[in-house]
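First comes the structure, then the notes that go with it.
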Amino acid sequence: MKAFVLFFLLLAVAQAEPPPTLQLTLPQALDLAEQANPDLRLVRQGVEVARGGVTIAGQRPNPTLGLNTPIGPAERKQQVMFLVPLETGGRRDARLAVAESTVMEANLTTRQTRLTVLNGTRNAFVELALSRATLDQSRKDVEFNDRVVTAAQHRFEAGEVAEAEVVRAKFEREQIKRLVYPAENRVEAALVTLNRLLGQPLDTPIETVDDGWLFPTVADLKGPTWNLPDLPALTEMARKQRPDLALNAQQSQTAQRQIQLALANQAPALSLQASLLYNPAMPAFTYLAGVQLELPWGSDRGGELEQAQARREEAARREQVAQATADQAVALAWKKFEAARRQLSHDLEVLKPQAERVLYLAEKIYDIGQSDITEVLLVGQSVQRQRQLLLTDFALLHQALGELELAINANLVGGKP
């Protein structure tokens, strides 16, 4: 019976359809992340929790109803009491103000999380595209070495070179093949990371669609798309748009409201009391009215006020630190971006065409027997290294751009978050 059940379970797994392939541009990936990312869903629920705190803060104290019945012959009177607490010192308004500030903080935290998630999605999207380009380049390098092995084999069969050249060419090819495996693993890791950010099953196939900015040309880098504002303008943008700076400012306001709440809580508690007294011995009813006032003998709640004042000072200092950190982040990211753009421009404009020409000539010269295996392999290694560096420079450019967009909370190039 167990074998029968196991057979059908395996059959069901075998027949399960794989997830459909997602073909996404960057804007489409960002839209999907905003809808399905689990971290964003979690932080948005936190806003609802904070809103529930406003409802709780607005609630008033419940009245109290009591009954006193004597036990024993010494007393026969029975009493019904009704107690209504009054909130003095504006406690309810102060509580509501603090709760509303908490909601604002939750909204700003959501904005900050959204920024982080979308920036991470952008970086993961670029990493998947670049890792596939790296894998393709590694396979092309293997194809080049295949051609070298074939040429060496032909020359050996023609008696032009020793068998050692064929052996060396094959050895170099196997070394290049070894680079394919980590490139494949890099693609798989990038795919898992992007699926996690998109809220999709981790094995979902994704095809990145380049809408014109993933692999910019020299003309693109010199054009208006990649021509960013200067550093002072970017710094000003960051000061206006970064949610963490707004969150720190809101926390300072919340701390000030907590001081007002602490002051309100120092007001003595006041309650109105009404009682109905019944004496069965007479028999007769008596009505009583009274006031209860809290006496702050044990505690005047001064500690709450001191703590609230300390929090306000802490929030003010945190705000100053955050501002300095934001300015630093913008400056470093901008300098990194400018350096990466210059370096990539040089690679595309100078080194890439030279590398293609050098490799073409080295392969042709070896084919006609005008050079030995050492020369063509050295040229091949040099060109392969340059091609890998070119892809690395693409990655550095996008990494710097991502850091800069994160630092100022604004889209600069590509899809708009």
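List of remarks:
- Rounded to the nearest 20 debye, the dipole magnitude of segment 18-408 is 1560 debye, with +1 charges on Lys and Arg beta carbons, -1 on Asp and Glu beta carbons, and the Cα centre as origin.
- Local electrostatic count, L401, Cβ distance below 12 Å [Lys/Arg +1, Asp/Glu -1]: 0
- Counting only whole DSSP H helices of the chain, the ones at least 18 Å long by C-alpha along their axis and with mean Kyte-Doolittle hydropathy no lower than 0.0 are 2-15, 38-57, 180-198, 373-408.
- Kirkwood Rh, angstrom, segment 61-220 [1 / mean 1/r, Cα pairs]: 23.8 Å
- For the pair Q323 and S271, a Förster radius of 51 Å applied to the C-beta separation gives a FRET efficiency near 0.60, rounded to the nearest 0.05.
- Chain lengthening between L42 and K222 when straightened (0.36 nm per residue, less Cα-Cα): 60.6 nm
- Kirkwood hydrodynamic radius of segment 18-408, Cα pairs, Å: 28.0 Å
- Net +/- balance of residues flanking D93 in space, Cβ distance below 15 Å, scoring K and R +1, D and E -1: +3
- Formal net charge of residues neighbouring L361 (Cβ-Cβ distance under 11 Å; K, R +1; D, E -1): -2
- Take every pair of alpha-carbon atoms less than 8 Å apart whose residues are at least six positions apart; their mean separation over the length of segment 18-408 yields a relative contact order of 25 percent.
- Pair E375, H154: separation of 7 Å Cα→Cβ label points (nm): 1.8 nm
Read the figures in this text as sums done on the coordinates, not as results from a lab. As the structure is a prediction and not an experimental result, all values here were calculated from the model. Glycine also receives a Cβ, built like all others from the backbone with ideal geometry; neighbour counts cover every protein chain displayed.
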